[in-house]
Amino acid sequence: MFFCPNANKSYIFIKISLNNTLMIKYLTFSFSISVISWIIGMVVNAILIKTTYYNHKLTHLNFLKNERVNSYIGIGIFKWIIIHSFFKYFNPKLSMKKKIQPSELPNLRHEMTIAEISHLIGFAFVTAFAIVKIVKGQYLFALTIMIVNILLNLYPTLLQQQNKRRIDKYNRILAIRASNLVE
């Protein structure tokens, strides 16, 4: 048996290099399919928005009602990243440059619902790709897809739900104040 001290190092380098190349491929695909899912989400949402199911059920989705859970999974950090990065320019209708008036809240909530449902549709679309990868036995690829999908589709959905809850709470306070003024 011939022993070459550098052979193992070369093999390890090649294996690490192949793994890095594969991970770059997985990440690139995951990011690309997630961005494409945004467009698909908007198109499907534009069709769904005209249905009564959308107005009665989808506009009131609320997965995580507990603010402590939102904090635990990092929605606050995610919100900070959105506010302080280029992502804030993606939906200018949700960007507030001035103090919002109570009369503008229904329109803002509507825009948040559109963003929320579009991301949720995108999340389902990308999850289908991850399921296909699991069926094919490509578990690392599926995991990579789902991590990127959670960051680019699920977290925005949860953030919009949190913001809608804040608007709803503020609307309830305004309604109580208005009823107290009437009495």
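The values are calculated or read from the model by the stated rules, or taken from the named source; none is laboratory data. Quick caveat: nothing in here was measured; it's all calculated off a predicted structure. In this analysis, Cβ positions are derived from the backbone assuming ideal geometry, glycine residues included, and neighbour counts consider all displayed protein chains.
A few notes on this one:
- Qualifying residue in the range 159-171 (condition: farther than 16 Å from residue 58 by Cβ and modelled with pLDDT under 85): yes
- Residues in the range 27-59 that are without any contact (Cβ under 8 Å) to a residue 24 or more places away in the chain, farther than 21 Å from residue 146 by Cβ and over 17 Å from the mean Cα position of the chain (by Cα): 9 in all.
- Odd one out for residue 94, checked against (1) farther than 17 Å from residue 166 by Cα; (2) in contact with an Asp or Glu (Cβ under 7 Å, 6 or more places away or on another chain): (1)
- Residue list for the range 63-95, filter: out of contact with any Lys or Arg (no Cβ under 7 Å at 6 or more places or on another chain) and of a type in the set (Ser, Thr, Tyr): 71, 72, 85, 89
- Condition check for residue 143: surrounded by 15 or more Cβ atoms within 10 Å (Cβ to Cβ) and either within 14 Å of the chain's Cα centre (by Cα) or of a type in the set (Lys, Arg) (or both): no
- Helices (runs of 4 or more DSSP H) fully within the range 57-175 that include at least 3 residues being under 14 Å from residue 34 (Cβ atoms) and not small (Gly, Ala, Ser): 105-135, 139-149.
- Unmet criterion (only one of (1) at positive phi; (2) within 16 Å of the chain's Cα centre (by Cα)) for residue 151: (1)
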